[in-house]
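> Can you keep this structure in mind? I'll have questions shortly.
The values are calculated or read from the model by the stated rules, or taken from the named source; none is laboratory data. Keep in mind that this is a model prediction, so the values were computed, not measured. Backbone-built Cβ (ideal geometry, glycine too); neighbour counts: all protein chains shown. Accessible surface is based on the protein model in full, side chains and every heavy atom, while ligands, DNA and RNA are left aside. Shrake-Rupley method; radii C 1.70, N 1.55, O 1.52, S 1.80 Å.
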Amino acid sequence: MNYKLPISDKLHWIGVNDRETHLFENFWPLEKGVTYNSYLVNDEKIALIDTVKFNKTDLYLEKIKEIIGEKDVDFLVINHMEPDHSGSIAAVIKMWPNVKIVGNKKTFGFLKGFYEITDNLYEVKEGDEINLGYHNLKFFITPMVHWPETMMTYETTDKILFSMDAFGGFGALDGGIFDFEVNLSFYEDEIRRYYSNIVGKYSPIVQRTLQRFKDVEISMIAPTHGIVWKESPSTIFNYYDKWSRFEAEEGVVIVYGTMYGNTAKMADYLAKELSRNGIKNIKIFDASKTHLSYIISELWKYKGVIIGSAAYNTTVFPAVEAVLSKIENSGLKNRYLGVFGNKSWSGGGVKTIMNFAEKIKWDFVASPVEATYSPKEKDYKELSLLAKEMANLVKNNPK
Ligand code: FEO
């Protein structure tokens, strides 16, 4: 064993990498893995902050024992009960039966519900503190970021925010654990994919929570997934601020569903016309090929959205339907929307996207363009108009 990864004198990262699991929450692709971060405060009193998923319990316990030897763990702080973090609680209790389980009132309902754990509970309320010696933990109850029991733990001596899922992202840690040790561009994309798909629905609550921390000095942000923000915690804080306000950059995402390539032709033509109108950030996704989590992440980034579909059994193409449903569920706001598609006899694709447009209340751009059998000269003219109008809007009207 030589797992020690100190963050400071008395504080250790005891997270684990998971490169085996294919899908997070059994749905979101983990092409580059994920971490379950946990932290150990090895002070006069010993505290663990969150645990790890059940598939990594043995490694997790080994890491703890390497640092504390035969000593007891005094406190286990549970910031969040989702099983990717609570999955090793029972094992911790079995190993250190006197450990006090620190959580808020709602935490304990989940603890009993998932694991039948009801003993040694130590309830904390907003602003309560636990002194460990040098380190001192203060609790912020932050419900619905993104579960009802979620809370954050602020270490008041060194100003460290243990933020549970907030500020975290997909991607295993390949060596470095701090922001200044890694290539940030990969992690920033994966943090946005995590935010937009897992937390984004709760953006108004995230925004209110961020306001509560505006006047709190934070020297480090230590989430339960991904890198630890030590050099520049303001970077990730500012990203969250921007994403939770639905602020977006200049660029257009085109998402389409096609069976035999006619709707795809229209998507390519739109992209060419957007480019001719000065748009540099253009992302095209075939909804059948790209997992919707990547599409949603790009929608969270750019102002313009153009959705196209072949008609399919009198409605929208199934892969596009999944994207529409996820957008609606996520509550993403303040985007420009264009619509196009292709039909052969009854139609239904464009009509269904238009129904979606009415519900979602994004700003609608130009008229929908619907080709019949395959796009013709008239359709290409209409697509040119749509692209031109979209380009003007995203360039001239910040969202
Ligand atoms: Fe990483 Fe909400 O669990």
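> Sequence neighbours fewer than 8 away in the same chain don't count; with that in mind, list the aspartates and glutamates whose C-alpha is under 16 Å from K100.
D43, E44, D50, D72, D74, E116, D119, E123, D128, E129
> Placing unit charges on C-beta atoms (Lys and Arg positive, Asp and Glu negative, everything else neutral), compute the dipole magnitude of the chain about its Cα centre in debye, rounded to 20.
1540
> Scattering from the C-alpha atoms of the range 252-392 alone, worked out with Debye: what is log10 I(q)/I(0) at q = 0.14, 0.16 1/Å?
Values returned for q = 0.14, 0.16 Å⁻¹ are -0.54, -0.72.
> Which one, A322, M266, S297, is farthest towards the positive end of the dipole of the range 252-392 when Lys and Arg carry +1 and Asp and Glu -1 on their Cβ?
S297
> Bin by bin, in steps of 10 Å, what percent of the Cα pairs in the range 164-239 do you find, going until the bin that has the longest distance?
19, 55, 24, 1
> For the Cα atoms of the chain, what angle does the longest principal axis make with the long axis of helix 377-396, in degrees from 0 to 90, nearest 10?
Computed tilt is about 40 degrees.
> Here's something else I'd like to know. Among the GluC sites (Glu not before Pro) within the range 201-297, which fall in a DSSP loop and have no more than 16 other Cβ atoms within 10 Å of their own Cβ?
Passing both the DSSP loop test and the Cβ count: E217, E231, E247.
> Still on this model: How large is the Rg to Rh ratio of the range 238-334 when both quantities use alpha carbon positions and Rh follows Kirkwood?
0.98
> If all Cα-Cα distances of the chain are sorted into 20 Å bins from 0 onward, what percent lands in each bin, rounded to whole numbers?
All Cα pairs, binned at 20 Å, distribute as 27, 47, 23, 3 percent.
> While we're on this one: Taking only C-alpha pairs under 8 Å that are 6+ residues apart, what is the relative contact order of the range 252-392 in percent?
The normalised contact order for the range 252-392 reaches 29 percent.
> Just to confirm the number: angle between the C-alpha axis of helix 233-244 and the first principal axis of the chain, 0 to 90 degrees, nearest 10?
So the inclination is approximately 40 degrees.
> Quick check: the angle from helix 184-194's long axis to the longest principal axis of the chain, C-alpha only, nearest 10 degrees?
Here the helix axis deviates by roughly 80 degrees.
> Follow-up question, since we're still on this one. Per 10 Å bin from zero, what fraction in whole % of the C-alpha pairs of the range 6-244 is there, up to the bin with the longest pair?
Binned Cα distances yield the sequence 8, 36, 40, 16, 1.
> Restricting the count to DSSP beta bridges whose residues both fall in the range 252-392, what percent are antiparallel, rounded to a multiple of 5?
Antiparallel: roughly 10 percent of the beta bridges in the range 252-392.
> Give me the tail of P(r) for the range 63-203 as a percent: Cα-Cα pairs with distance above 18 Å.
Summing the P(r) tail past 18 Å for the range 63-203 gives 63 percent.
> Using only alpha-carbon positions, what ratio does the radius of gyration of the range 131-201 give when scaled by 2.2 N^0.38 Å?
Cα Rg divided by the expected 2.2 N^0.38 Å: 1.29.
> Determine the sum of side-chain charges near A166: Lys and Arg each +1, Asp and Glu each -1, restricted to other residues whose C-beta is under 13 angstrom from that of A166.
Its environment carries a net charge of -2.
> Express in whole angstrom the spacing between the alpha-carbon centres of the range 39-69 and the range 98-141.
The distance from the Cα centre of the range 39-69 to that of the range 98-141 comes to 16 Å.
> In the P(r) worked out for the range 24-146, what percent of Cα pairs fall beyond 19 Å?
48
> For the range 6-244, with only Lys/Arg (+1) and Asp/Glu (-1) charged at the beta-carbon, what is the dipole magnitude about the Cα centre, in debye rounded to 20?
Charge dipole of the range 6-244: 560 debye, to the nearest 20.
> Among G113, N42, F75, pick out the residue whose Cα is farthest towards the positive end of the charge dipole of the range 6-123, where Lys and Arg carry +1 and Asp and Glu carry -1 on C-beta, about the Cα centre.
In the range 6-123, that residue is G113.
> May I pose another question? Counting chymotrypsin sites (Phe, Trp or Tyr not before Pro) as exposed when in a DSSP loop with at most 14 other beta carbons within 10 Å, what is the longest stretch of the chain free of them?
28-259
> Still on this structure, I have one more. With a sphere of radius 10 Å drawn around the Cβ of L11, what net charge do the other residues whose Cβ falls strictly inside it have (Lys, Arg +1; Asp, Glu -1)?
-3
> Considering the zone a paramagnetic label at K94 would reach in this model (a point 7 Å from Cα along the Cα-to-Cβ line), which residues of the range 23-53 have amide N under 14 Å from it?
none
> Say R0 is 25 Å: what FRET efficiency, to the nearest 0.05, do Y239 and D158 get from their beta-carbon distance?
Rounded to the nearest 0.05, the efficiency is 0.65.
> Let me ask something else about it. Taking every DSSP beta bridge that has both residues in the range 290-361, what percent is antiparallel when rounded to the nearest 5?
20
> Write down the percent of antiparallel bridges among all DSSP beta bridges whose residues are both part of the chain, to the nearest 5.
Expressed as a percentage, antiparallel bridges in the chain total about 45.
> Given a 1.4 Å probe and the protein chains all in place, what does the accessible area of K10 round to, in Å² to the nearest 10?
70
> While we're looking at this one, here's another question. Calculate the radius of gyration of the Cα atoms of the range 1-76 to one decimal place, then report Dmax, the largest Cα-Cα distance, as a whole number, both in Å.
Gyration radius and largest Cα-Cα distance of the range 1-76: 13.5, 42 Å.
> Mind checking which of S38, S234, S185 has the largest fluctuation in a GNM of the chain, springs on alpha carbons under 10 Å?
S185
> Moving to a separate point now. Below 17 Å, Cα to Cα, which lysines can K65 reach? Residues fewer than 8 away in the same chain don't count.
Within reach: K4, K10, K45, K56, K94.
> Around E328, what is the net charge, scoring Lys/Arg as +1 and Asp/Glu as -1 over all other residues with Cβ under 14 Å from its Cβ?
So the environment of E328 carries a net charge of +4.
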